[in-house]
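What follows is a set of notes on a single structure, which appears directly below.
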Amino acid sequence: MKRLGPSFTFQQQSTRHPGLDGARGLAVLAMVLGHTLDALLSPEARQLPWVQHYWSFRGITAPLFLLVSGWAVVAALGTKPNAARDTLGRRIRRSLLLLFLGYFLHWPGWPAVHDLGWTDAMLSRVFAFDALQCIGFALLSGSVLLALVPARGGRPLVLLTLALAIPLASTAMWRLGAGLPMPVQQFLGSGEGSRFPFFPWAGFFFAGAFAAYALHLLKPGWPQGLALLALGAGMLGLAHLTTADWGPTSAWLVAYRVGQGLIVLGVVNLAPVRLSGLLAPMGRLSLWVYVLHLPIVYGWADIGGLSGRVGPILGVPAAVGVGLVLLLTCAGVARLGRWLLDQARPWRAGSTTLNANLSSSTRMSPRA
């Protein structure tokens, strides 16, 4: 089947979803460059006006990752009623992999654990809650719920409820977490060092999942892209009519970022396949690029990274150059590792970082 529409169209011969891959590729590009600039830019360079605007733009990268992840989970189910139950085991394994990688990246090293002892400070570092943990728990809970509730009517209602309830309940959940064991505080958001707590960040995941359900009846391409733009612009308009709240538990902030993320998805949806295809290869490797670049930039255990070995001393051109080299290097290593894995497991072809591939019936089918 020849692809006629823009980025979010499917074709039987392809094993990829170029629109979602393009959106994730854009997000990982902004994330790697953002982390590198944050670690290496000198104080003088940080004060440049356009750099300040770039910091504002960076705020959409993590929400976009979560939105795309939620969208991909629903897109992968297709129209088969039992797809959520049939693929539950694979999704659970995928979520466990994300949780393992997330906690592994925050391992402080045995010397640090020994020095801190069995204290809240040690538990806070070992169980620091970051983006991969948030996606992992959201994928785990979302997959179980999608397998339990009816395909028609029940699923979109559950997803909409979660997309609204998680941000709205965040302030109360943070207060509830005070005094609970530190790993629970990290999960809820009350613990120090919890960067992407489940409350409210999982709201982005379920907002993306609900949007996929709400718009799946529209034809890919212009109809779906214009609907995403309209929905995103509407949410931003409503946000501007209300009092801004940039607090960490703000439901207003979640709605504002969801609106921005939907607009980005709409733009990618409307983009020609060739344009989104330039970012798609990076999107396919986004998980492993993310995992590889964090230790290099910030260090791991007792091994220092660029932030400690070089520090914030570079100008903008040099820092951007380092970021691009790091991005390409991590992508190359990830691609090599993936090729070697495919050679070792030739029967498991067609894997994707979005956990989706096309079966012979053109239905999206996930893979762990």
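The values are calculated or read from the model by the stated rules, or taken from the named source; none is laboratory data. None of these values were measured; they are calculated from a predicted model. Cβ placement follows ideal geometry from the backbone for every residue including glycine, while neighbour counts extend to all protein chains displayed. Accessible surface is based on the protein model in full, side chains and every heavy atom, while ligands, DNA and RNA are left aside. Shrake-Rupley method; radii C 1.70, N 1.55, O 1.52, S 1.80 Å.
Brief remarks follow.
- When only Cα pairs below 8 angstrom with a gap of at least 6 residues are kept, region 43-156 shows a relative contact order of 32 percent.
- Cβ-based net charge around residue 111, under 13 Å, with every Lys or Arg adding one and every Asp or Glu removing one: -1
- The modelled label-to-label distance between residue 55 and residue 342, using points 7 Å beyond Cα along the C-beta direction, is 4.1 nm.
- Point-to-point label distance, residue 110-residue 48, nm (Cα→Cβ direction, 7 Å offset): 4.5
- Label of the coordinate-derived value, Cα extents along the principal axes in Å, listed as [x] 69, 55, 44; [y] 57, 48, 44; [z] 102, 45, 34: [y]
- Residue (of 341, 318, 272) at the positive-pole extreme of region 226-356, dipole from beta-carbon charges: 341
- Taking 0.36 nm per residue of separation and subtracting the current Cα-Cα distance, fully stretching the chain between residue 85 and residue 335 would add 86.9 nm.
- Taking the inverse of the mean reciprocal distance over all distinct Cα pairs, the Kirkwood hydrodynamic radius of region 124-174 comes to 12.5 Å.
- For a modelled paramagnetic label at residue 328, 7 Å from Cα along Cα-to-Cβ, the residues of region 255-280 in reach, with backbone nitrogen under 16 Å, are 279.
- Whether region 228-310 is rounded, prolate or oblate, judged on the alpha carbon gyration tensor where a/c under 1.5 counts as rounded: oblate
- For the chain, the per residue solvent-accessible surface stands at 47 Å², with DNA, RNA and ligands left out and a 1.4 Å probe.
- Think of each Lys and Arg Cβ as +1 and each Asp and Glu Cβ as -1; about the Cα centre, that makes the dipole of the chain roughly 1520 debye.
- Taking the 1.4 Å solvent-accessible surface of the chain as the whole, the part contributed by carbon and sulfur is 69%.
- With every protein chain in place and a 1.4 angstrom probe, the accessible-area ranking of 206, 57, largest first, reads 57, 206.
- Ranked by how many other beta carbons lie within 10 Å on average, peptides 183-195, 228-240, 164-176 from highest: 183-195, 164-176, 228-240
- Two-site FRET efficiency, residue 100 against residue 240, from Cβ-Cβ distance with R₀ of 45 Å, rounded to 0.05: 0.65
- Cβ-Cβ distance of residue 151 and residue 93, R₀ of 22 Å, FRET efficiency by 1/(1 + (r/R0)^6): the value works out to about 0.50.
- Sequence of 119, 87, 242, 249 when ordered by accessible area, the most exposed leading, probe 1.4 angstrom: 242, 119, 249, 87
- Probe 1.4 Å, all protein chains present, accessible-area order of 118, 288, 300, 71, largest first: 118, 288, 300, 71
- As an equivalent ellipsoid, region 155-305 spans semi-axes of 30, 24, 14 angstrom, where each value is the square root of five times an eigenvalue of the C-alpha gyration tensor, largest first.
- Span per principal axis, largest first, for the Cα atoms of region 32-81 (Å): 57, 17, 9
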